[in-house]
1. Consider only pairs whose beta carbons are under 6 Å apart and that are at least six residues apart or on different chains; among these, list those whose first residue lies in the range 223-242 and is closer than 13 Å to ASN196 by Cβ and not assigned by TED's automatic domain parsing to the domain that holds GLY345 and whose second residue is modelled with pLDDT of 95 or more and among the acidic types (Asp, Glu).
2. Among what's in the range 234-273 and is surrounded by fewer than 20 Cβ atoms within 10 Å (Cβ to Cβ) and among the basic types (Lys, Arg), pick the residue that is farthest from GLN158 (Cα to Cα).
3. For the range 274-330, enumerate the residues that are of a type in the set (A, V, I, L, M) and buried (at least 19 other Cβ atoms within 10 Å of the Cβ).
4. Specify the residue that is surrounded by the fewest Cβ atoms within 10 Å (Cβ to Cβ); the eligible residues are those in the range 359-388 that are in contact with a Ser or Thr (Cβ under 7 Å, 6 or more places away or on another chain) and over 19 Å from ASN294 (Cβ atoms).
5. Can you go through THR166, THR160 and tell me which one is outside the structural domain of SER92 (by TED's automatic domain parsing) and under 16 Å from the mean Cα position of the chain (by Cα)?
6. Suppose we keep only residues that are in contact with an Asp or Glu (Cβ under 6 Å, 6 or more places away or on another chain) and in a helix (DSSP H, G or I) within the range 274-323. Which one would you say is nearest to GLY164 (Cα to Cα)?
7. Where residues in the range 163-216 are surrounded by fewer than 17 Cβ atoms within 10 Å (Cβ to Cβ) and among the hydroxyl-bearing types (Ser, Thr, Tyr), which of them is farthest from SER307 (Cα to Cα)?
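The values are calculated or read from the model by the stated rules, or taken from the named source; none is laboratory data. Worth saying up front: this structure is predicted, and the values here are computed from it rather than measured. All Cβ positions, glycine included, derive from the backbone under ideal geometry; neighbour counts span all protein chains shown.
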Amino acid sequence: MSNYDRRDRQDETAMWDAGEVRRQESAQQQRRGDEKRRSARRRTGTAIYLVCVVLGSCLLAGIGWLMINDLCSLNKAPVEVEITVDEGDSVSDVAKKLKDAGLVNSKGFFQLASGFLHYSRYVEPGTYKLNSDMDFRALIVNMHDWKQDSMDAQGLVQVTIPEGYTVRQIIDLLAEKGVATKAELEDACANFDFENYSFLSSDTLGSIDRMEGFLFPTTYTFDKNKTAVFAVDTMLTMFKNQVSQQMLEDIKNSPYDLKQIITMASIIEKESIGDDTERKNISSVIHNRLERPNSEKGGRLLQLCSSINYIMVHDGISKFDTTIESPYNTYIHEGLTPGPICNPGLSAIKAAIYPADTDYYFFALGTDDKSHFFTDYNEHLRFINSAEYQPIYS
């Protein structure tokens, strides 16, 4: 090989070595760049991960704090409301009522928590006073009638007798509440000689009607372990206590005896739908017709729908008819009915004793749900033929 060829070969080798060095340096630079980029991506990913962890933790902490606030009733505006749980209400229905009332913040969370707080064991239909100081457990526990539980354990039952109930309605109500059986109550009313009550007539012994007017309507707590006689005696005692000595003196000085006053009061109770003023005005109509009869103003015929209604219920008549032959029909028989037609409350009894001082002889119910009073028949007739009149019976 010539010197020239050797030099060319050495030059080529040197050139290849230089190129290889450059390629290796370039590769190393690329690797270093790739490593830097990968390192940067790792740092960015780590930073994003840490930010997500922090944000997620803050979010969960916030949600947890809100849930704890709701569960434990913290930081709530003061609210006190009545919540009614209706028969058939679901947990969702009750949760919505609580949320709408401002007692819970989250309907869903209350539903979730209710399972752990024994919702089904406590919550029952009823109306309850609740407030925003109550946590979830307190809300659930307070939607339960604990007083009734105590009464049930003692064999006690609370019964409210509405004003205007007849003796038959009272017997049915007491039997329904378990105070005694219907047969026992009917027997006590009809046959037991309640000798301590002079207002009960011995002539009607054997009929439950002798109690009509004297079973005072109010709220009682009866003991189921005691007899039907005890229950009836409790109501008679209440009547005796409600009619004061002064009232008895005023009745004695009037044209009426106690039974007639209670009869009048029972009619007032059934005819009235308003306040004491209306009751006293109705009483004045009855007093005026009985004490100052005027043939042009109905004479002593009271002509009261309530007397016909009593006959219909008492005798099982389905059609309203003012010509029914009965001593209780005030359209064909003058004066008061033979006895009370219901059990009146104290306001009606006082109205019977102390009527308003008026010249009214007529009254009728208007479409405004108020009684309208008149001094002469023509005024009364114009009213009942007008669109303002509201017929009670058809």
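1. none
2. Step by step, filter the range 234-273, then rank; the result is LYS252.
3. Looking only at the range 274-330, we keep the residues that are of a type in the set (A, V, I, L, M), and these are 282, 285-286, 290, 301-302, 304, 308, 311-313, 317, 324.
ILE282, VAL285, ILE286, LEU302, LEU304, ILE308, ILE311, listed by residue number.
4. Taking the candidates together, the pick is GLU388.
5. That would be THR160, the only listed residue that is outside the structural domain of SER92 (by TED's automatic domain parsing) and under 16 Å from the mean Cα position of the chain (by Cα).
6. SER306
7. Filtering the range 163-216 for residues that are surrounded by fewer than 17 Cβ atoms within 10 Å (Cβ to Cβ) and among the hydroxyl-bearing types (Ser, Thr, Tyr), the one farthest from SER307 (Cα to Cα) comes out as THR181.
So that you can scan it fast, the table gives a plain yes or no per residue for (1) in contact (Cβ under 8 Å) with a residue 40 or more places away in the chain; (2) closer than 27 Å to PHE214 by Cα; (3) under 36 Å from the mean Cα position of the chain (by Cα):
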residue	(1), (2), (3)
GLY339	yes, yes, yes
ALA348	yes, yes, yes
ASP369	yes, no, yes
ASN385	no, no, no
GLU388	no, no, yes
